[in-house]
Amino acid sequence: MTENRPTDGVVRVGLLGCGTVGSQVVRLLREHGDDWAARSGAHLELVGIAVRDTAAERDPWVPRDLLTDDAEGLVGRADVVIELIGGIEPARTLVLRALRSGATVVTGNKALLAAHGPELHAAAEAGDADLYYEAAVAGAVPVVYGLRESLAGDKITAVLGIVNGTTNYILDEMATRGLSFDQALSQAQELGYAEADPTADVDGHDAAAKAAILASLAFHTRVGIDDVPVTGIRHITAEDMAEARETGHVMKLLAVARRTVSGGTEGISVRVHPALVPAAHPLAAVHGAFNAVVVESESAGRLMFYGQGAGGAPTASAVLSDVVAAANHKVHGGHAPRESTYAELPLHGPDATAARTQVQLRLAHAPGTLAAVAGVYGEEGVSIDSVRQQRSADGVAQLTIISDVSTEAALERTVARLAEEPHVHEVISVTRVEGA
Ligand code: NDP
Ligand code: HSE
């Protein structure tokens with residue numbers, strides 16, 4: 001194991017990856033290194049930058065003599081390893097090696113954390129090393145610090161977040177400019193928000209990884225990406241957006257984590273899905289590629305963390321905050337908070353998870369139709385909050401029903417029965433309603 005506290009006032013920093021974020025980390029280290037030294041008490045010496053292709057063109061501030069394709073060798077000579085490669089391998093192997101050897105790791109890799117968090121934390125424990133990951137959730141927004149440190153003296157009851165900038169941009173363009181999903185996605189790709197393969201963003205997997213990290217921190221319980229049911233935004237139409245506006249809502253892709261109670265036992269539910277948010281809710285005002293996370297806690301009440309969730313410089317800001325904290329600990333002693341999983345709350349299913357939905361139906365414009373639909377809700381014990389009916393010329397009506405809070409299970413049973421109800425031609429959509 002390497003000595004955890006360098007004695008020469010120099011903290012050797014090894015950077016793995018020099019892409020969108022890594023390159024900005026290099027720039028900020030070069031431009032503001034003296035400030036970071038004054039703040040941490042350590043001179044941060046960049047000792048190497050591992051990349052795939054050392055011959056590729058780089059931003060002008062990237063020192064070519066520091067580029068290497070020997071990432072393993074670099075890990076072996078750094079006090080602080082910044083992992084900005086992304087994906088699972090070789091990032092996982094390199095991070096584990098660094099932690100086991102006592103080096104601090106700073107990473108923005110939510111996919112790695114959400115899939116292998118326990119293994120990484122165990123390696124940190126074994127190596128008496130620190131693991132920082134502010135950049136892994138919501139880019140520049142200090143929500144990891146907020147949950148891990150600022151709210152360590154409170155009891156968090158819910159976390160609701162817009163944690164994927166690409167999907168927020170797409171939904172915002174659909175809502176405000178009437179674009180179709182495909183048009184908004186193409187625009188997001190042209191602007192560089194969405195990848196050429198946008199699957200992880202639009203199908204909600206990126207948000208699910210972040211939801212798992214947020215829930216683990218908020219509820220002191222291990223939550224992995226496989227624990228998070230996900231619905232993405234591919235199916236959302238311009239008509240859905242128009243209807244949302246009519247009912248006073250805005251459609252957002254949300255990561256939702258809540259404390260729940262089932263049979264007297266406390267647990268949690270963690271989900272990612274599109275949801276209708278009341279136009280007056282703070283999350284409704286989050287536009288473009290911005291991120292925001294609302295945290296509800298017992299004593300502090302409601303807090304909102306807001307800012308740029310992606311991009312080179314904003315994400316590098318979060319990385320460097322971790323690097324400065326790590327350097328501080330290297331010089332003055334102390335550690336980052338360890339993984340906290342003492343609560344071990346069970347993940348509750350649909351029977352214990354409270355939800356509200358908006359259901360859109362196409363149905364016969366005939367006597368008894370509304371009574372039949374209301375009857376299904378009543379028999380399933382689901383109270384109706386509002387109903388909006390539009391009549392079309394061909395004797396078919398469209399109904400938009402927003403429920404009160406019920407259990408997910410009762411709402412699912414209601415929709416299944418509506419689909420079988422003779423007056424109902426089609427269940428057009430079922431969308432969650434959050435934040436009321
Ligand atoms: P990029 O794809 O832009 O950069 C990846 C870098 O890793 C490249 O420099 C690449 O080298 C290098 N790399 C890839 N494979 C290897 C390898 N086997 N060995 C050594 N180096 C390798 O990624 P980003 O900068 O966008 O993202 C980095 C991390 O930050 C990811 O985990 C991402 O999820 C996270 N993040 C990114 C945000 C963003 O806005 N981009 C926001 C928040 C988090 P080469 O240049 O030679 O190809
Ligand atoms: N693809 C992510 C987003 C980048 O759109 O928010 C930040 O994790």
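Some points to look at:
- The order of 40, 269, going from fewest to most other C-beta atoms within 10 Å of their C-beta, is 40, 269.
- Rounded to the nearest 20, the size of the Cβ-charge dipole of the chain about its Cα centre is 540 debye, with Lys and Arg at +1 and Asp and Glu at -1.
- Pairwise FRET efficiency - residue 197 versus residue 387, Cβ, R0 = 41 Å, nearest 0.05: 0.50
- The charge dipole of the stretch 176-330, taken about its Cα centre with unit charges on the Cβ atoms of Lys, Arg (+1), Asp and Glu (-1) only, comes to about 520 debye.
- Within straight-line reach of residue 155, meaning a Cα separation under 16 Å, sit the following aspartates and glutamates at least 8 residues removed in sequence or on another chain: 266, 296, 298, 344.
- Cα shape, the stretch 143-308, gyration tensor, a/c 1.5 rule: prolate
- Neighbour net charge for residue 21 - beta-carbon separation under 13 angstrom, K R +1, D E -1: -2
- Applying Stokes-Einstein at 20 °C and 1.002 mPa s to the Kirkwood radius of the chain, computed over alpha-carbon pairs, gives a translational diffusion coefficient of 92 µm² s⁻¹.
- Spacing of the modelled spin labels on residue 45 and residue 279, each 7 Å from Cα toward Cβ, amounts to 6.0 nm.
- HN-Hα J in Hz across the stretch 27-43 - Karplus 6.51, -1.76, 1.60, θ = phi - 60°, x for Gly and Pro: 4, 5, 5, 6, 6, 10, x, 5, 5, 4, 5, 5, 6, 9, x, 9, 7
- Within-11-Å neighbourhood charge of residue 357 [Cβ basis; K, R +1; D, E -1]: -3
- With respect to the chain, whose longest principal axis is taken over its alpha-carbon atoms, helix 165-177 is tilted by about 40°.
- Ordering of 352-360, 147-155 by packing is 352-360, 147-155, highest average first (other Cβ atoms within 10 Å, averaged per residue).
- Debye, to nearest 20: dipole size of the stretch 359-436, +1 on Lys, Arg Cβ, -1 on Asp, Glu Cβ: 240 debye
- Each of 402, 268, 88, 170 was scored by other Cβ atoms within 10 Å of its Cβ. Listed from fewest to most, they are 88, 402, 268, 170.
- Annotation: the residues 80, 382, sorted from fewest to most other C-beta atoms within 10 Å of their own C-beta, follow the order 382, 80.
- Fluctuation leader among 66, 253, 347 - the chain, Gaussian network, Cα springs under 10 angstrom: 66
- Between 318, 180, 116, the Cα set farthest toward the positive side of the dipole of the chain (charges on each charged residue's Cβ, about the Cα centre) is that of 318.
- Across the options 204, 159, 369, the greatest Cα extent toward the positive end of the charge dipole of the chain (unit charges at beta carbon of Lys, Arg, Asp, Glu) belongs to 159.
- Fluctuation leader among 45, 296, 89 - the chain, Gaussian network, Cα springs under 10 angstrom: 89
- Structure-based [θ]222 nm, the chain - -39500 (n - 2.57) summed over DSSP H runs of at least 4, per residue, nearest 500: -11000 deg cm²/dmol
- Extending 7 Å from Cα along the Cβ direction at residue 371 and again at residue 64 yields two label points whose distance is 8.4 nm.
- In order along the stretch 369-383, the phi-based Karplus estimate (6.51 cos²θ - 1.76 cosθ + 1.60, θ = phi - 60°) of 3J(HN,Hα) comes to 5, 4, 4, 5, 5, 4, x, 4, 4, x, 5, 8, x, 9, 7 Hz; Gly and Pro are listed as x.
- For the stretch 141-147, the Karplus equation 6.51 cos²θ - 1.76 cosθ + 1.60, evaluated at θ = phi - 60°, returns couplings of 6, x, 7, 5, 4, x, 6 Hz by residue, with Gly and Pro reported as x.
- Efficiency of FRET from Cβ geometry, residue 34 and residue 189, R₀ 45 Å, rounded to 0.05: 0.70
- Angle of helix 110-127 to the longest C-alpha principal axis of the chain, folded into 0 to 90 degrees and rounded to 10: 40°.
- Of the beta bridges in the chain, as assigned by DSSP with both residues counted there, near 70 percent are antiparallel.
- Charge tally around residue 322: other residues with Cβ under 10 Å, Lys/Arg +1 each, Asp/Glu -1 each, net -2.
- Modelled label positions at residue 425 and residue 152, each set 7 Å beyond Cα in the direction of Cβ, lie 6.0 nm from each other.
- Cross-link partners of residue 252 among lysines, defined as those whose alpha carbon lies under 19 angstrom from its own and excluding same-chain residues fewer than eight positions apart: 210.
Computed from the coordinates by the stated procedures, all read-outs in this text should not be read as laboratory data. All values derive from a computational prediction rather than experimental measurement. Using ideal geometry, Cβ is built from the backbone for each residue, glycine included, and neighbour counts are taken over all protein chains shown.
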